[in-house]
Amino acid sequence: MEEETHRQAVRHLREEPYYLPQGDEVAIFETCHARGLAVMLKGPTGCGKTRFVEHMAWRLGRPLVTVACHDDLSASDLTGRFLVRGGETVWQDGPLTLAARLGAICYLDEIVEARQDTVVVIHPLTDDRRILPVDKAGELVEAAPGFQLVVSYNPGYQHVLKDLKPSTRQRFVALDFDFPPPELEARIVMHEGGVDEPTARELVALAARIRNLRDRGLTEVPSSRLLVATARLMASGIPAREACRVALMGPLSDDPELLAAMHDLVNVVLA
Ligand SMILES: Nc1ncnc2c1ncn2[C@@H]1O[C@H](COP(=O)(O)OP(=O)(O)OP(=O)(O)O)[C@@H](O)[C@H]1O
Ligand SMILES: [Mg+2]
């Protein structure tokens, strides 16, 4: 067997990750945590899903284990495998097994990317018994108190062939995420981007105008993440128009017409 080192991403968040709630998602998540219910976060890229999970792990005082899902991910990548270490065969827990033992929050990011035969290994953990059969190790791992499964995905990017099975979906409480209302988004941009309030408001107003270009064929619209990046450049002294060009417009499209339309909006909105 091939030697492998498998660095486990267990994080203990000691400082509060900044998160501005949009509704009652904090209370719902806390209730799910207390009741042993798994949570599904749905929403477009850059709207705060990952930040929310980090914030909740901190708030609940639980370690956070994150797995970025991809189509090569196997059940063993989640549960664990035997490794050869200096001539000896040792068992190494995968991130899911580790999270179950630690009573951690296990965050499966972009779960639809994983194959369905991989995803089904989480099913027994979401049943009342909260167990994880680790067949290869011949072990039945009981999830420690505090263990919670959280998955996220972006419904917009979903392909016809890539969807969760109903038997998987129906094991989760679903929280919908979207771009925050302008008031809140401006506060996020101020806090995260380090710009003053008028600048943050301008960027948010610009984003609203660019998001309207969806009707004209802009498939990717700016997320809060892009606004934060643009604000950071501006806060570091990059001129506003230049910051918008490289951090806001460039990442969204290569289409000359759409770029020109965005450029016009920048000129209209920025003072
Ligand atoms: N409600 C919020 N409170 C605080 N920061 C936020 C919020 N929403 C977005 N942000 C900011 O936007 C950035 C991107 O958010 P995050 O990484 O959580 O997005 P995501 O939904 O996980 O995106 P992806 O689907 O691409 O992984 C954060 O790093 C943070 O700066
Ligand atoms: Mg994320």
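Going by a ≥ b ≥ c, the root eigenvalues of the Cα gyration tensor, does region 232-271 fall in the rounded group (a/c under 1.5), the prolate group (a/b larger than b/c) or the oblate group?
Taking the square roots of the gyration eigenvalues as a ≥ b ≥ c, region 232-271 is oblate.
Could you tell me how many degrees, from 0 to 90 and to the nearest 10, lie between the Cα long axis of helix 49-60 and the main elongation axis, the longest principal axis, of the Cα atoms of the chain?
Result, in degrees: 60.
To test your reading of the geometry: what angle, between 0 and 90 degrees and rounded to tens, separates the Cα axis of helix 224-235 from the longest principal axis of the chain?
The two axes meet at around 60 degrees.
Once you have a ≥ b ≥ c as the square roots of the Cα gyration tensor eigenvalues for region 103-196, tell me rounded if a/c is under 1.5, and otherwise prolate or oblate according to whether a/b is larger than b/c.
Cα axes put region 103-196 in the prolate bin.
Among all the aspartates and glutamates, which ones have a C-alpha under 18 Å from Lys136's C-alpha, if same-chain residues fewer than 8 places away are not counted?
Within the straight-line cut-off, Lys136 pairs with Glu2, Glu3, Glu4, Asp77, Glu88, Asp93, Asp117.
Taking every DSSP beta bridge that has both residues in the chain, what percent is antiparallel when rounded to the nearest 5?
Percent antiparallel among DSSP bridges in the chain is about 40.
With only Lys, Arg, Asp and Glu charged, each at its Cβ (+1 for the first two, -1 for the last two), find how big the charge dipole of region 64-107 is about the Cα centre; round to the nearest 20 debye.
180 debye
With axes computed from alpha carbons, what is the tilt in degrees of helix 197-211 against the longest principal axis of the chain, rounded to the nearest 10 within 0 to 90?
That helix lies at roughly 80 degrees to the long axis.
To the nearest 0.05, what FRET efficiency results for Ala9 and Ala205 with a Förster distance of 30 Å applied to their C-beta separation?
The computed FRET efficiency comes out at 0.20.
From the Cα gyration tensor of region 164-271, with a ≥ b ≥ c the square roots of its eigenvalues, which class applies: rounded if a/c is under 1.5, or else prolate if a/b is larger than b/c, or else oblate?
Oblate is the answer for region 164-271, as a/c is 1.5 or above yet b/c matches or exceeds a/b.
Looking only at trypsin sites (Lys or Arg not before Pro) in DSSP loops with at most 12 other Cβ atoms within 10 Å, what is the longest site-free stretch of the chain?
Maximal segment without exposed cleavage sites: 130-271.
Along region 28-33, what does the Karplus equation 6.51 cos²θ - 1.76 cosθ + 1.60 (θ = phi - 60°) give for ³J(HN,Hα), rounded to whole Hz, x for Gly and Pro?
Those phi angles translate into 5, 4, 4, 5, 4, 4 Hz.
Kindly write out, for region 175-190 in residue order, the coupling ³J(HN,Hα) from the Karplus curve 6.51 cos²θ - 1.76 cosθ + 1.60 (θ = phi - 60°), rounded to whole Hz, with x marking Gly and Pro.
The phi angles translate into 10, 8, 10, 8, 4, x, x, x, 3, 6, 5, 5, 5, 5, 5, 4 Hz.
The numbers here are math on the coordinates, done by the rules we state, and not lab data. Everything numeric here is computed off the predicted structure, so don't read it as measured data. Cβ atoms come from the backbone with ideal geometry, glycine included; neighbour counts cover every protein chain shown.
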